[in-house]
Structures are given as C-alpha cells and as structure tokens.
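As structure tokens, the structure follows; a few thoughts come after it.
The values are calculated or read from the model by the stated rules, or taken from the named source; none is laboratory data. All figures in this text were calculated on a predicted structure; none of them were measured in a lab. No Cβ is skipped: glycine too gets one built from the backbone with ideal geometry, and neighbour counts run over all protein chains shown.
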Amino acid sequence: MQVSVESTGKLERRMQVQVPAERVSKEIASRLKQLSRTARLNGFRPGKAPLTVIRQQFGPQVHREVIGELLQSSFSEAVTQKQLAPAGNPRIEPQNIDEGQDLTYVATFEVFPEFALQPVESLELERITADVTETDVDAMIERLRKQQMRYTAVMRPAALGDKATVDFEGSIDGVPFAGGKGEAVAIVLGENRMLPQLEQGLIGVAPGEQKTVDVDFPADYRATELAGKRASFKVDVKTVEEPSLPELDEEFSKSFGVTEGGVAQLREDVVANMRRELEQTLRTRNKAAVMEKLFEANPIDVPNALLESQIRDMQVEAMRRAGAKDVSQAPPREPLVEPARRRVALGLLFNDIIRRESIVLDPARSNARLDEMVGAYGDGAALKRAYLQNADAMRQVESLALEDQVVDWILAHANVHEKGTTFKELMNFEA
C-alpha cells in the first residue's frame, strides 16, 4: 500500500492512499466464495451454484461492500504507517474504485497538535485556604433563625424591620398608571424590595391610617414610561407586625429535620454542611486558577473538529439546563467559540500530563466525588444507585475525579503560595 502525506494547514493533513488491485480482488473473491456456500439461487441447490453465477448475481454488491470496508481499514493502516494521530473523522474522496484497478483515494483530516508542555515547576500559583470558625457557625445559625422570622400584630406606629400590610394606588398628575395598584401587599420596612421612598414613607404609620407618599422613579427605571417621573401613592395601612426570632431550642431544630440531639446536633449538621460547601468552593476556585495558569503557559492550536464538537456539547448542555428541546432554542455559536477552545486545549494539556505521569483514576476519589454530588439531595442513597447504574453518568463523575487528581499533582509540583481568607469573604456570606 502506497501512502503520501502533505500538510495543508497547521493541523490539517491531506493523505493519498493507493491500495493494490490484487488486495481488492483477493478480498472480493474471498467474499464471493463464502457467499457461494450459502446462496440460494433458482435452479441450484443451496451452496451448489457455480462461482461464475455467484459473481454475476452478487459481484457489484460485494464490490461496493469491499470498497467501503477497505476505505476505512486502509485509512487506519495508513495513519499508523505514517505515525499520525487523527483528531476526528476524515473526509475521504475516492479517486478510483473500478474493479481490477488499484483503489485510490484522498483523505483529509486534522491531527492532534504536538507540543512540549512547559515545566509545571515554573508555574506560579496562588492557593486559597479558609476554615469554618465558631463565629461563622453562629452567623449561619442566626441566618436560619431569620429564615423563620415570626411576625406578631401590634397597635403602634411601624418601625424599621416591621412588616406593614397595605393597599396602595399610585398616580402621576392625578392619573393612575398600570402596575401602580396593589392590595394586601406585605412590606418589610428596610428590606428595600419596594421603592425606597415608599418604604421610608411607611415608617411611623399606624394600623388603619391612610397616607399619601410621593415617590420619584429613577431615571433608569425598568418601566420606561415611568422613568424619571414623580408619582403619588395613596396608602391604606391594614396591619403592622413586629418581628421576633424563634427560640434556639429543640422545636427549632426539628423544623430543620433534626429529630434527635436537639440544638447540639443541629449545630453539628450545620458545621458539616458549611465545611462541605467550603471545600467545594475552595476546590473550584483553586482548580480554576490552576487551569488558567496552565492554559496561559501553554498556548496550543486545537483541531477544528474537536472545537466544533465541544461547541455542540455546550449548546446541548445549555438547552438541557433550560429545559429546551427545539434546536432553534440552542444558544448562538459565536459566544461559545473561545470558551470551547479553552476547554479543548485544557483537555489536551490534562491528557498529556495524565499520559506522561501515568496518573490513574483513584476509585476512592471517584466514590468521594459521587458522594459529594448526591449529598445535597434528600435521598442521596437512591440517587447514588442511579448514578452507579448509568455508565455515561459515571464516566462524567470519573472524569471530574481524574481532573481533580491532575490539579492536585500540579499543585504538588508548581511554585505555590497560599493565601488565607475567611469563610465570610469566600462565600460572600452575610448573616
């Protein structure tokens, strides 16, 4: 078999292949002989038809089948012979497929880039560290209490933090406007979920009181017909309620599913959840930093076939998250090109490290990754069983676990500087 290759681009190759006619004819003859043993033709007993009749009857079909298979098998032989690593399927253009002549064709394809990975020891990395403190836990418990804030009706003027339930109707120059009316609307004063001037105007109102509050809509207000205008709201105060936090007791603990152990057990559960979330965030942030440095230090060309495949995967994933099924709802391609290019490049770099360093997936890491993924759900055990029974889902879990191992290897060999931070800062947490 004769093979010649020329480069038509950075990664594109054009390969000419010539398969000897003898090989083609030999394969066709072999197929026809096998077929003659079982073929049923009128006038002949099964397997007794002469080979000339078999060739006349089935020759063209067998020829097509043999050519199709030889195009694939000889391509594999040719790239092996030339020590090429195709990235994606080739575009094969037959030049001559006539029986009795050499099979010739041209295959155009891309190859994986060749690159020399920059020494990992030269990477300057910053690893973020943090811990969960008792103060963080106290603040989290306080947030849980605030989630169960109770309100009790009072017969006094409303103060900051109180909840006022009101009917209101707004008008501009005496004319009501669309969306300016509400009935039995509960407003917690100070939360700034309504227009600030309206909330401020409700401080000091008492149950049963009626009041007019003037409000200036911001110039960039989302309803452009109201932007920059002054409105008057007639407000009818129905009730005023003051807030109170629930007691930190066994009953409070039960509201969060803690049936035994009371507040002490609740606190343990909160600490465990906070540490799990912190660990996930630290891993994500540090992993992103490692990937960014690795990507910057190793600029490589990526095969267009892999790039397009990654873009399609990202579009499909975006549609899945949005619950979209119609292909017309897929996100546009252009904004995904560079993120996809980065993903492909990092995949090639990670694979190179895995190969060179003989990194093998640690089943314990994979299992821990799976436990972490299902831990946030109520019936984690059932979800874990579902993952274990789904080969595609488990491949994704294993891929993430192997990525984590590569990141750990890089952190162990790079020039790493640790930077301490707090749970509050890292998690953007406010009680």
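Overview of values
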{"item": "Subset of the stretch 208-228 that is over 16 Å from D167 (Cα atoms) and among the charged types (D, E, K, R) - its residue that is surrounded by the most Cβ atoms within 10 Å (Cβ to Cβ)", "result": "D216"}
{"item": "Within the stretch 155-171, tally of residues that are in contact with a helix residue (DSSP H, G or I) (Cβ under 8 Å, 6 or more places away or on another chain) and assigned to a loop (DSSP other than H, G, I, E, B)", "result": "1"}
{"item": "Residue, nearest to V302 (Cα to Cα), within the stretch 12-22, restricted to residues that are touching a strand residue (DSSP E or B) at 6+ places or on another chain (Cβ under 8 Å) and among the charged types (D, E, K, R)", "result": "E12"}
{"item": "Residue, nearest to E296 (Cα to Cα), within the stretch 118-135, restricted to residues that are assigned to a helix (DSSP H, G or I) and acidic (D, E)", "result": "E121"}
{"item": "Extreme residue, nearest to N304 (Cα to Cα), among residues of the stretch 136-154 that are of a type in the set (S, T, N, Q) and not in a helix (DSSP H, G or I)", "result": "Q148"}
{"item": "Hits in the stretch 127-168 - residues which are among the small types (G, A, S) and closer than 30 Å to K181 by Cβ", "result": "A153, A158, A159, G161, A164"}
{"item": "Unique residue being of a type in the set (D, E, K, R), touching a Phe, Trp or Tyr at 6+ places or on another chain (Cβ under 8 Å), closer than 30 Å to P86 by Cβ and not in a loop (DSSP other than H, G, I, E, B) when the list is R31, R13, R23", "result": "R13"}
{"item": "First in the stretch 144-169 and of a type in the set (F, W, Y), second anywhere and part of a loop (DSSP other than H, G, I, E, B) and modelled with pLDDT of 95 or more, Cβ under 9 Å, 6 or more apart", "result": "Y151/D162"}
{"item": "Selection count, the stretch 5-50, where residues are farther than 17 Å from Q61 by Cβ and either surrounded by 12 or more Cβ atoms within 10 Å (Cβ to Cβ) or not polar (S, T, N, Q) (or both)", "result": "25"}
{"item": "Where a residue in the stretch 236-256 is within 15 Å of E142 (Cβ to Cβ) and its partner, wherever it lies, is among the small types (G, A, S) and outside any strand (DSSP E or B), with Cβ under 7 Å and at least six apart", "result": "P243/G161; S253/G262"}
{"item": "Scope the stretch 177-192; condition loosely packed, with under 15 Cβ neighbours inside 10 Å and at pLDDT below 95; matching residues", "result": "A178, G179, G190, E191, N192"}
{"item": "All positions within the stretch 71-92 that are touching a strand residue (DSSP E or B) at 6+ places or on another chain (Cβ under 6 Å) and closer than 19 Å to A21 by Cβ", "result": "L71, S74, F75, A78, I92"}
{"item": "Residues satisfying the stated conditions in the stretch 107-133, i.e. surrounded by 15 or more Cβ atoms within 10 Å (Cβ to Cβ) and under 30 Å from E65 (Cα atoms)", "result": "A107, F109, E110, V111"}
{"item": "Residue within the stretch 234-255 that is outside any helix (DSSP H, G or I) and under 37 Å from the mean Cα position of the chain (by Cα) present", "result": "yes"}
{"item": "Cβ-Cβ under 8 Å pairs, at least 6 apart or on other chains, the stretch 177-190 side in the same structural domain as A223 (by TED's automatic domain parsing) and within 17 Å of E241 (Cα to Cα), far side of a type in the set (S, T, Y) and in a strand (DSSP E or B)", "result": "A184/T165; V185/T165; A186/T165; I187/T165"}
{"item": "Selected residue [among the aliphatic types (A, V, I, L, M), in a helix (DSSP H, G or I), closer than 30 Å to T422 by Cα and out of contact with any Pro (no Cβ under 8 Å at 6 or more places or on another chain)] from V290, V258, V337, V316", "result": "V290"}
{"item": "E77 in a loop (DSSP other than H, G, I, E, B) and of a type in the set (D, E)", "result": "no"}
{"item": "Pairs with Cβ under 8 Å, 6+ apart, first in the stretch 292-311 and within 11 Å of L123 (Cα to Cα), second surrounded by fewer than 16 Cβ atoms within 10 Å (Cβ to Cβ) and small (G, A, S)", "result": "A297/S122"}
{"item": "Within the stretch 328-340, tally of residues that are surrounded by 15 or more Cβ atoms within 10 Å (Cβ to Cβ) and closer than 19 Å to L400 by Cα", "result": "1"}
{"item": "Residue match in the stretch 312-327 (condition: surrounded by fewer than 15 Cβ atoms within 10 Å (Cβ to Cβ), under 30 Å from W409 (Cβ atoms) and not charged (D, E, K, R))", "result": "no"}
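Yes/no matrix, rows are residues, columns are (1) under 14 Å from R145 (Cβ atoms); (2) modelled with pLDDT of 95 or more; (3) in the same structural domain as G179 (by TED's automatic domain parsing):
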| residue | (1), (2), (3) |
| --- | --- |
| D220 | no, no, yes |
| A223 | no, no, yes |
| A227 | no, no, yes |
| A231 | no, yes, yes |
| K234 | no, yes, yes |
| S255 | yes, no, no |
| N273 | no, no, no |
